[in-house]
1. Give all pairs with beta carbons closer than 8 Å in which a residue from the range 56-75 that is on the phi > 0 side of the Ramachandran plot meets a residue that is outside any helix (DSSP H, G or I) and buried (at least 17 other Cβ atoms within 10 Å of the Cβ); count only pairs at least 6 apart in sequence or on separate chains.
2. So, of the residues in the range 98-152 that are more than 19 Å from the chain's Cα centre (by Cα) and of a type in the set (Val, Ile, Thr), which turns out to be modelled with the highest pLDDT?
3. Considering only the range 98-117, state which residues are loosely packed, with under 14 Cβ neighbours inside 10 Å and either within 22 Å of Leu20 (Cα to Cα) or touching a Pro at 6+ places or on another chain (Cβ under 9 Å) (or both).
4. What pairs come up if the first residue lies in the range 78-94 and is under 9 Å from Thr19 (Cα atoms) and aliphatic (A, V, I, L, M), the second is crowded, with 24+ Cβ neighbours inside 10 Å and modelled with pLDDT under 95, and their beta carbons are under 6 Å apart, counting only those six or more places apart or on different chains?
5. Identify all residues within the range 43-99 that are of a type in the set (Val, Ile, Thr) and in a helix (DSSP H, G or I); write none if there are none.
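The values are calculated or read from the model by the stated rules, or taken from the named source; none is laboratory data. Just so it is clear, the structure is predicted and the values come from calculations on it, not from any experiment. Ideal geometry is used to build each Cβ from the backbone, glycine not excepted, and the neighbour counts take in all protein chains shown.
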Amino acid sequence: MTHSPLFGGHWLEWVRNFTLRVGILTGAYLTAVMVISVLAATRVPFLEPFANFRNAAAYAAFAFFMLIPAVCFLRKPVQLFFSGMCGWVILSLGYAVMGMFFDHLHTRLRFTPFHLFILGALLYGLAAVVSWVLGMALSLRQQTIAARHRRP
């Protein structure tokens, strides 16, 4: 079993599959960033003058945690996609639940939970394809090309 160096990974030692464990942790991190950013935007009025900085910090944290599967599985595109999608499903479910507590959340952000899920599938699918193509290009570059000899 692979040890998870991620924060909170010891809580998921019972999950044997490292891909699934990274996906669950990524989903938990992304959901936490979403909940904190929505709560900061709606319940903390003294941050309103700094709304641009608050939103930029939320975007940066979101992008940072989205990169976890890409960093863990850079040379394994299938695991990258499945881990990212596992995390994104957790985020989409959390977003759907947040929509129950915050009226008009989905209309204000112009994303339904399904649209958010499809966006994640596209992003992680694109990352997996780029990882696969770069891996193929690097492996092709490392192979030597043998010269053909003509028969007289």
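1. Matching pairs, first to second residue: none at all.
2. Val133
3. Within the range 98-117, just Phe114 meets the criteria.
4. Final answer for the pair search is Leu80/Pro69.
5. Narrowing the range 43-99 to residues of a type in the set (Val, Ile, Thr): 44, 68, 71, 78, 89-90, 97.
Scanning the range 43-99 gives Ile68, Val71, Val78, Val89, Ile90, Val97.
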